[in-house]
2 protein chains.
Amino acid sequence: MDIALLGGTGDIGEGLALRWAYDTNHDVIVGSRDPEKAENKAEEYETELASRGTDVTVEGLGNEDAAARADVVVVAVPAYHLTDTIEAVADHLDDAILVSPAVGMKRDEDGFHYNRPGVGSVTELAAQAAPEGTQVVGAFHNLAAGRLANLDAEIDWDTIVVGDETDPKDTVCELADGIEGLRPLDGGPLSNAAEIEGLTPLLINVARHNDGMHDLGVTFQ
Amino acid sequence: MDIALLGGTGDIGEGLALRWAYDTNHDVIVGSRDPEKAENKAEEYETELASRGTDVTVEGLGNEDAAARADVVVVAVPAYHLTDTIEAVADHLDDAILVSPAVGMKRDEDGFHYNRPGVGSVTELAAQAAPEGTQVVGAFHNLAAGRLANLDAEIDWDTIVVGDETDPKDTVCELADGIEGLRPLDGGPLSNAAEIEGLTPLLINVARHNDGMHDLGVTFQ
Ligand SMILES: C[C@H](OP(=O)(O)OC[C@@H](O)[C@@H](O)[C@@H](O)Cn1c2nc(=O)[nH]c(=O)c-2cc2ccc(O)cc21)C(=O)N[C@@H](CCC(=O)N[C@@H](CCC(=O)O)C(=O)O)C(=O)O
Ligand SMILES: C[C@H](OP(=O)(O)OC[C@@H](O)[C@@H](O)[C@@H](O)Cn1c2nc(=O)[nH]c(=O)c-2cc2ccc(O)cc21)C(=O)N[C@@H](CCC(=O)N[C@@H](CCC(=O)O)C(=O)O)C(=O)O
Ligand SMILES: NC(=O)c1ccc[n+]([C@@H]2O[C@H](COP(=O)([O-])OP(=O)(O)OC[C@H]3O[C@@H](n4cnc5c(N)ncnc54)[C@H](OP(=O)(O)O)[C@@H]3O)[C@@H](O)[C@H]2O)c1
Ligand SMILES: NC(=O)c1ccc[n+]([C@@H]2O[C@H](COP(=O)([O-])OP(=O)(O)OC[C@H]3O[C@@H](n4cnc5c(N)ncnc54)[C@H](OP(=O)(O)O)[C@@H]3O)[C@@H](O)[C@H]2O)c1
């Protein structure tokens with residue numbers, strides 16, 4: 001499968017790009033507003049992978065071209081730039097599945113807090129911004145980018161996948177399952193996304209308040 | 001330590017009562033609005049424990065008397081009766097630590113959703129209802145009562161503990177740690193409670209949407 005990571009130059013983009021390239025046979029395309037930045041980052045990821053004996057091509061393209069090439073498009077940009085980013089690639093999505101890992105948070109002196117958008121969740125915001133007929137799936141909200149990007153670090157995490165249709169959800173679950181140590185779980189329809197997004201500030205708060213814990217994920221049992 | 005469970009006749013009360021009586025040397029007191037109901041339930045718990053070779057006394061009392069006897073008072077009643085229940089025992093709390101495991105949820109056809117009170121969280125609602133000077137701690141929000149109450153079932157769960165003062169939080173962490181398979185984690189101050197409470201509907205949604213998963217908790221790693 002061809003997976004494009006819009007804003008794949010950033011933290012979670014790097015983590016997902018490296019893990020998919022390292023653990024699976026999917027083709028990873030790094031997208032950026034700036035094609036040159038995308039190329040440079042893609043090369044950086046290739047070097048990192050080659051140093052571990054994985055010789056793969058990671059392509060770097062502008063977000064539009066990356067989206068046009070992909071079966072699955074992960075919008076790996078900050079929540080407040082999600083709508084703009086989706087609108088910018090809207091004409092290039094064809095039948096691609098759009099995946100949102102985005103979480104809105106605010107921070108005060110006590111900790112991080114979920115900043116729930118009026119429409120219900122950031123994932124539903126992505127669905128609203130997507131062109132009619134695009135299949136939107138929420139996933140990867142609760143994975144710590146830093147640990148994901150460190151291929152020496154083992155993970156043992158769940159990721160909850162939400163979506164209103166079964167097929168695209170199954171595809172994203174398969175992509176998640178391809179990453180070693182990651183287990184996809186079905187969270188139901190998009191309208192259940194808020195509770196998933198709200199778990200992210202909790203992960204950060206727990207990391208901040210407990211010695212020796214950082215870059216956390218969860219497992220459900 | 002003496003632990004009172006107000007509404008300890010209910011689901012989470014039964015789970016915590018059995019686990020503390022089975023796994024620790026703490027004294028468990030079951031509270032109820034109806035002292036006779038409390039006595040009957042306490043006897044039921046004793047019978048269950050005795051059948052496993054644990055001969056302990058579980059006392060059953062009215063909520064007021066239970067609160068008066070305890071070092072730690074867990075308010076194990078539905079969120080919408082929390083304020084009433086705390087006000088009813090207010091004159092009997094002395095220096096007891098008040099613990100809230102309560103979560104407000106609403107349900108629609110898609111799943112369960114967090115019903116966040118205006119004051120920020122149900123745990124902060126408990127703090128507001130408590131008499132001036134009472135130390136309030138949030139804990140046990142994310143434990144499935146059914147699994148807890150089944151002493152044959154092993155658990156491997158975390159519980160996030162929040163509170164504005166260190167000492168009562170440490171005490172509750174020790175109580176949690178006494179339950180086999182339960183790990184307390186520090187969640188910071190009470191104002192971080194909403195994200196913990198919001199995890200509960202997610203646990204229920206995941207259980208509903210994934211075959212073979214029920215009565216879930218989480219671990220952070
Ligand atoms: C290095 C790291 O900071 P950071 O690189 O900015 O990363 C902080 C977070 O952004 C990072 O942890 C994100 O992965 C958090 N995070 C998310 N962050 C987001 O912004 N959005 C998300 O959607 C998101 C999801 C997520 C899911 C799971 C999870 O575990 C974490 C998640 C850190 O440990 N920060 C410390 C400060 C450390 C620091 O700056 N140290 C200085 C030294 C200063 C000193 O001496 O104190 C240094 O390292 O040089 C802190 O915030 O308290
Ligand atoms: C038996 C169980 O239902 P129940 O006893 O009502 O329990 C449902 C929930 O209340 C129970 O799971 C709670 O523990 C959920 N729960 C909380 N529930 C709350 O109300 N408040 C909480 O704060 C809370 C916290 C919590 C934390 C972790 C967690 O994992 C669960 C948590 C169940 O599996 N229900 C099924 C229906 C099963 C059912 O009713 N079956 C019938 C047969 C009907 C048939 O044939 O379909 C039967 O068993 O007799 C369902 O809701 O889909
Ligand atoms: N960090 C984590 O641990 C983590 C974990 C799970 C989910 N997430 C979610 O994933 C998303 C990305 O997080 P991140 O930490 O990777 O963010 P980030 O590193 O800060 O940014 C990712 C990329 O977004 C692009 N971007 C920045 N500003 C933009 C703008 N105005 N318009 C369009 N694109 C812009 C940039 O790419 P270009 O400059 O190349 O265009 C940047 O590299 C967020 O929604 C976050 O909630 C993060
Ligand atoms: N169920 C779970 O898995 C679970 C897990 C974690 C946390 N919690 C939280 O723990 C609390 C209790 O949950 P539960 O499932 O144990 O509830 P429950 O079984 O429905 O009720 C617990 C007890 O509350 C008392 N009660 C009922 N109505 C009341 C009223 N009007 N005023 C005062 N007390 C009343 C009853 O005790 P008496 O009739 O004996 O007075 C009842 O046995 C909730 O806030 C819930 O969010 C539940």
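The values are calculated or read from the model by the stated rules, or taken from the named source; none is laboratory data. The shown structure was predicted, so the numbers you read here are calculated from the model rather than taken from an experiment. Glycine also receives a Cβ, built like all others from the backbone with ideal geometry; neighbour counts cover every protein chain displayed. The accessibility values were calculated without ligands, DNA or RNA, using every heavy atom of the protein model including side chains. Shrake-Rupley method; radii C 1.70, N 1.55, O 1.52, S 1.80 Å.
Observations, loosely collected:
- Looking only at residues of segment A:46-64 that are assigned to a loop (DSSP other than H, G, I, E, B) and among the charged types (D, E, K, R), we find that the one that is nearest to ligand 4 (Cβ to nearest atom) is A:ARG52.
- From the options B:ASP164, B:ASP186, residue that is surrounded by fewer than 22 Cβ atoms within 10 Å (Cβ to Cβ) and in contact with a Pro (Cβ under 9 Å, 6 or more places away or on another chain): B:ASP164
- Inter-residue pairs, beta-carbon under 8 Å, first closer than 17 Å to B:MET1 by Cβ and within 14 Å of chain A (Cβ to nearest Cβ) and in segment B:13-26, second in a helix (DSSP H, G or I) and within 16 Å of ligand 3 (Cβ to nearest atom), 6+ apart: none
- Members of segment A:172-183 found to be buried (at least 19 other Cβ atoms within 10 Å of the Cβ) and away from ligand 1 (no atom under 14 Å from the Cβ), listed by number: A:VAL172, A:CYS173, A:LEU175, A:ALA176, A:ILE179
- For A:ASP152: the one exception among (1) away from chain B (no Cβ under 14 Å); (2) open to solvent by less than 40 Å² (accessible area, probe 1.4 Å): (2)
- The listed residue being at negative phi and touching a strand residue (DSSP E or B) at 6+ places or on another chain (Cβ under 9 Å), out of A:ALA90, A:ALA50, A:ALA67: A:ALA67
- Residue-level check: of (1) more than 30 Å from A:HIS209 (Cβ to Cβ); (2) open to solvent by less than 30 Å² (accessible area, probe 1.4 Å), A:THR123 misses just (1).
- Any hit, segment B:65-86, residues being outside any helix (DSSP H, G or I), among the basic types (Lys, Arg) and away from ligand 1 (no atom under 16 Å from the Cβ): no
- Only one entry in B:ILE204, B:ILE196 is in contact (Cβ under 8 Å) with a residue 24 or more places away in the chain, more than 7 Å from every other protein chain (Cβ to nearest Cβ) and among the β-branched types (Val, Ile, Thr), namely B:ILE204.
- Checked against (1) part of a helix (DSSP H, G or I); (2) open to solvent by 20 Å² or more (accessible area, probe 1.4 Å); (3) at the interface with chain B (Cβ under 9 Å from one of its Cβ atoms), A:MET213 passes all but condition (1).
- Residue in segment A:96-124 that is farthest from the other protein chains (Cβ to nearest Cβ), counting only those that are under 16 Å from A:ASP164 (Cβ atoms) and of a type outside the set (A, V, I, L, M): A:SER100
- In segment A:3-14, the residues that are in a helix (DSSP H, G or I) and within 7 Å of ligand 3 (Cβ to nearest atom): A:ASP11, A:ILE12, A:GLY13
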